[in-house]
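The values are calculated or read from the model by the stated rules, or taken from the named source; none is laboratory data. Predicted model only: the values in this text are computed from it and were never measured. Because the Cβ atoms are built from the backbone with ideal geometry, glycine has one as well, and the counts that use them run over all protein chains shown. Accessible surface is based on the protein model in full, side chains and every heavy atom, while ligands, DNA and RNA are left aside. Shrake-Rupley method; radii C 1.70, N 1.55, O 1.52, S 1.80 Å.
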Amino acid sequence: MASTIEQELLKAVSKRRNFAIISHPDAGKTTLTEKLLLYGGAIHEAGAVKARGEQRKVTSDWMEMEKQRGISITSTVLQFAYDNYQINLLDTPGHQDFSEDTYRTLAAADNAVMLIDAAKGLEPQTRKLFEVCKLRSLPIFTFVNKMDRPGREPLELLDEIEQELGLKTFAVNYPVGMGDYFKGVYSRRKKAYHLFDRVAHGKGEVPEMVISDGDSSIENYLDGDLYEQTLEELELLEEVASDFDLEAIHAGKMTPVFFGSAMTNFGVRLFLDAFLEYALPPTPRNSSLGELEPTYPDFSGFVFKLQANMDARHRDRVAFVRVCTGKFEKDMSVNHARTGKTIRLSRPQKLFAQGRESIEEAYPGDVIGLNNPGMFAIGDTIYLGKKIEYDKIPSFSPELFAYLKNPNPSKFKQFQKGVQELQEEGAVQIMYSKDDFIRDPILAAVGQLQFEVVQHRLLNEYNVDSRLEPMPYGAARWVVDGWEALEKVGRLFNTMVVKDALDRPVLLFKNDWNINQVAADHPDLRLSAIAL
Ligand code: G4P
C-alpha cells in the first residue's frame, strides 16, 4: 500500500507532461508556443505574448534583448492546464541567444517537440538539438509547420527524417493540400478529415469541421482532384510506413509526425491532444542512489539553468530547478549536495509571460525558479533525506572561441575570480592553451550571447574590463582517452590543443572537414563532441 505522499505524487505525476521545443530559428517556435497557450486557455488572443516584429529589430544589447524578449527569454517554463493535464513547456531560447542553455534545458525535459519548416526540412540547429535528445533517448514529437505555404512533399519530409536522423516516423495526421490549397489534415488515429477555416492571423481558435471516412460529403469541400490526390498519398503511406509503436516512441526510436500551420492554427489542437496521449509523464532520473522514480517521497531536483539580471530593477539571479522527486513546498529547507550546506527556499518563482508568480508547491516534472545568491552552479542537486546527486549535465562542443584579455593588470585578481566563478556557474566554458606561457583564458561558447553576458557581468559584478580576441575555430572535440592517447598520435595538423577547466585535452578545429581529416588519419584517437 503506497503512503499518502506517494499517492499524492503518483496522481500529480500522472497528470504532468513536460517538453521542450527543438527547432531552427524562424521555423515558428514562438508562433507555435503562442498557439499552444491559446488552445491551453492560458492566453485569450494570440499576438498578446510578444511583438515579434519588434523583437527582430533588437540588436545585440543583452539587457535590451531581455526586456524585449517577452516569452522567449523571461520565461524559462510556461505552465498551463489543458484537459486535466498540467503542461510544462520548457522554453529553450531561440535565435541569437542559442547557447549552452538551449542544450541544458533538454536535460530537464521528458519529451521534445521537433518543429520543422515544411519548405526547409531539417536544418542545422534542429539536427544539433536532436543529437542531444538522442543522447537521452527522449521521445520526439514532430510538428511540420507552415503547411499553408508551398513546401516540400510530405512523404519526402518523412523520408528525410527517417534517413537522416535514423528515426522511424508515424504520420499521425496527414495534410490535405498545401499552400493556398491547404484545407486541413486527415487524422489517421481518428480516421477522419479535419477541415479548417482561415481566420485573420489565427488570433482565436480556428473553426474546425470533422468528416469521417466514408462520408462522401468530403468531396464537396475539396476542390478539383485534391481528394483523390490525398487518398492516393495516404494509400502510399500505408504501404511504406511502419506501424504505430508507442514503445518505440517512448524509447525515442519512432517519432509521431503532425502536419499543420501554427500561424493559421491548423492542426494545433490535434497535435496537443495526441501529444498528451502519447507523451511520457515525468520520468525516473539517474542519481547516486540509482534510478529514482518521481514518486520517491523525499524532495529532490537539479539546477539546469542560471540566469542573471533578469530584471534590471532587481538585478537578481535565478536558478532554475527541475523537480525530480517528492514534493516541493515554499519555505522548505533543503540540502545542497555539492557544498553540504542547508538552504531555505523562501522565494520560489514560477514564470509566466512578463510577470512572476510566487509558487507554494511543485511536483516532479515542474520547474521552479529560485533566487540564487551565488550559491548554485549548473548541475547542482538539492535534496531532502538521504543524500542524492543527479548525473552531471554534459558539456557540448562550443562553436565560438575567443581569448579573453585583461587590459588592466592591476585588476588581475578580480579578473581571475570573475572568470572562474562564471565558469563554475556554467555561463561559459573556459579553456586554456596547453602552453603555460599563454595565460589568457579562452572563452568557448555555443552562441555569441554568452560572450556578451560574460563581458557584461565581469564589468558589472566584478568591476573589470575585458577585451575579446576572436579565434578562428568553429568546433571542439574532447580526446576521450586523455593526454596519453593524444601524445601517442604525435603532431596533429589543422587543430589547436587546449585543456578544459578539468584539465582534459580538447582539440579545436576550424570546421568539420578538419575534424574528419584528423579522424581519418588517426582512427584510434577517440574524439567526442560531448564531455560527460
Ligand atoms: P521562431 O520563434 O522559430 O524564430 O519563429 P517565429 O514563430 O517567430 O516565426 C517566424 C516567422 O514565420 C514569422 O514571420 C511567423 O509569422 C512565420 N510563421 C510561423 N508559423 C507559420 C505558419 O504556420 N505559416 C506561415 N506562413 N508562417 C508562419 P515573420 O514575417 O518573420 O513575422 P510576423 O511579421 O509574421 O510576426
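Where strands (runs of 3 or more DSSP E) fall entirely within the stretch 448-532, those with at least 2 residues that are open to solvent by 40 Å² or more (accessible area, probe 1.4 Å) are at 467-471. Within the stretch 1-30, if we keep just the residues that are touching a Ser or Thr at 6+ places or on another chain (Cβ under 9 Å) and among the β-branched types (Val, Ile, Thr), the residue that is most open to solvent (accessible area, probe 1.4 Å) turns out to be ILE5.
Within the stretch 264-293, residues that are over 30 Å from GLY204 (Cα atoms) sit with their Cβ atoms under 8 Å from residues that are assigned to a helix (DSSP H, G or I), at 6+ positions apart or across chains, in these pairs: PRO282/VAL13. Just one of the listed residues (GLY379, GLY365) is at pLDDT 90 or above, in a loop (DSSP other than H, G, I, E, B), open to solvent by less than 60 Å² (accessible area, probe 1.4 Å) and under 23 Å from VAL428 (Cα atoms), and it is GLY379. Contact map, the stretch 23-38: residues that are near the ligand (Cβ under 7 Å from one of its atoms) paired with residues that are in a helix (DSSP H, G or I), Cβ distance under 7 Å, separation 6+ or inter-chain. Pairs shown: SER23/LYS29; SER23/THR126; PRO25/HIS95; PRO25/GLN125; THR30/ARG52; THR30/SER72. Filtering PHE143, PHE130 for residues that are within 16 Å of the ligand (Cβ to nearest atom), within 22 Å of PRO398 (Cβ to Cβ) and in contact with a Leu (Cβ under 9 Å, 6 or more places away or on another chain) leaves a single hit, PHE130. For the stretch 78-102, the set of residues classified as modelled with pLDDT of 85 or more and open to solvent by less than 10 Å² (accessible area, probe 1.4 Å) consists of ILE87, ASN88, LEU89, LEU90, listed by residue number. Please determine whether any residue of the stretch 439-446 is in contact with a helix residue (DSSP H, G or I) (Cβ under 7 Å, 6 or more places away or on another chain), assigned to a loop (DSSP other than H, G, I, E, B) and closer than 14 Å to PHE396 by Cα. For the stretch 439-446, residues in contact with a helix residue (DSSP H, G or I) (Cβ under 7 Å, 6 or more places away or on another chain), assigned to a loop (DSSP other than H, G, I, E, B) and closer than 14 Å to PHE396 by Cα: present. When the stretch 382-393 is filtered for residues that are touching a Phe, Trp or Tyr at 6+ places or on another chain (Cβ under 7 Å) and assigned to a loop (DSSP other than H, G, I, E, B), the ones remaining, listed by number, are LEU384, ILE393.
Restricting attention to the stretch 265-280, the residues being outside any helix (DSSP H, G or I) and either away from the ligand (no atom under 16 Å from the Cβ) or open to solvent by 10 Å² or more (accessible area, probe 1.4 Å) (or both) number 2. Based on what the data block shows, is TYR227 at pLDDT 90 or above, touching a strand residue (DSSP E or B) at 6+ places or on another chain (Cβ under 9 Å) and under 30 Å from ALA251 (Cα atoms)? So TYR227 does not fit the description; no. Would you confirm whether or not the stretch 234-255 contains a residue that is assigned to a strand (DSSP E or B) and more than 16 Å from the ligand (Cβ to nearest atom)? Within the stretch 234-255, one or more residues are assigned to a strand (DSSP E or B) and more than 16 Å from the ligand (Cβ to nearest atom).
Every test in (1) in contact (Cβ under 8 Å) with a residue 12 or more places away in the chain; (2) in contact with a strand residue (DSSP E or B) (Cβ under 9 Å, 6 or more places away or on another chain); (3) open to solvent by 80 Å² or more (accessible area, probe 1.4 Å) is passed by GLU247 save one, and that test is (1).
Residues checked against (1) open to solvent by 40 Å² or more (accessible area, probe 1.4 Å); (2) among the hydroxyl-bearing types (Ser, Thr, Tyr); (3) away from the ligand (no atom under 14 Å from the Cβ); (4) more than 17 Å from GLN229 (Cα to Cα):
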{"residue": "ARG152", "(1), (2), (3), (4)": "yes, no, yes, no"}
{"residue": "GLU156", "(1), (2), (3), (4)": "yes, no, yes, no"}
{"residue": "GLU160", "(1), (2), (3), (4)": "no, no, yes, yes"}
{"residue": "GLN163", "(1), (2), (3), (4)": "yes, no, yes, yes"}
{"residue": "VAL185", "(1), (2), (3), (4)": "no, no, no, no"}
